[in-house]
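**Q** Structure below; questions to follow.
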Amino acid sequence: MILYTPLSYEDIHQPSTDEYQKYQLISLQQKQCIVEKVSGDKARIVQLLSTNPNDFLNQQLSPGSVISISDEQNDQNLSGEYS
């Protein structure tokens with residue numbers, strides 16, 4: 001069966017809950033970011049959550065950037081809310 005839809009594959013076929021465990025919501029430079037834990041204290045920025053267009057021009061906050069995080073920076077673990 002062929003399914004013609006404007007939705008992405010991930011919107012139709014939700015990943016398992018294990019996929020969500022590796023994402024965290026942190027505050028970085030007073031901006032909310034979703035990061036993926038890479039190793040130890042290193043994380044890769046997945047998404048910047050901001051309504052200010054100038055925040056997206058900051059190279060340090062661009063998706064794919066690897067940052068160093070500490071435990072006190074972590075606001076909460078995401079458990080299924082990220083889509």
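The values are calculated or read from the model by the stated rules, or taken from the named source; none is laboratory data. Computed from a predicted model, the values in this text were never measured in an experiment. Neighbour counts run over all protein chains shown; Cβ positions are idealised from the backbone, glycine included.
**Q** Please go through region 17-32 and give me each residue that is farther than 19 Å from residue 55 by Cβ, surrounded by fewer than 16 Cβ atoms within 10 Å (Cβ to Cβ) and either among the hydroxyl-bearing types (Ser, Thr, Tyr) or modelled with pLDDT of 85 or more (or both), ordered by number.
**A** 17
**Q** Do we find a residue being surrounded by 11 or more Cβ atoms within 10 Å (Cβ to Cβ), at pLDDT 75 or above and more than 15 Å from residue 30 (Cα to Cα) anywhere in region 47-62?
**A** no
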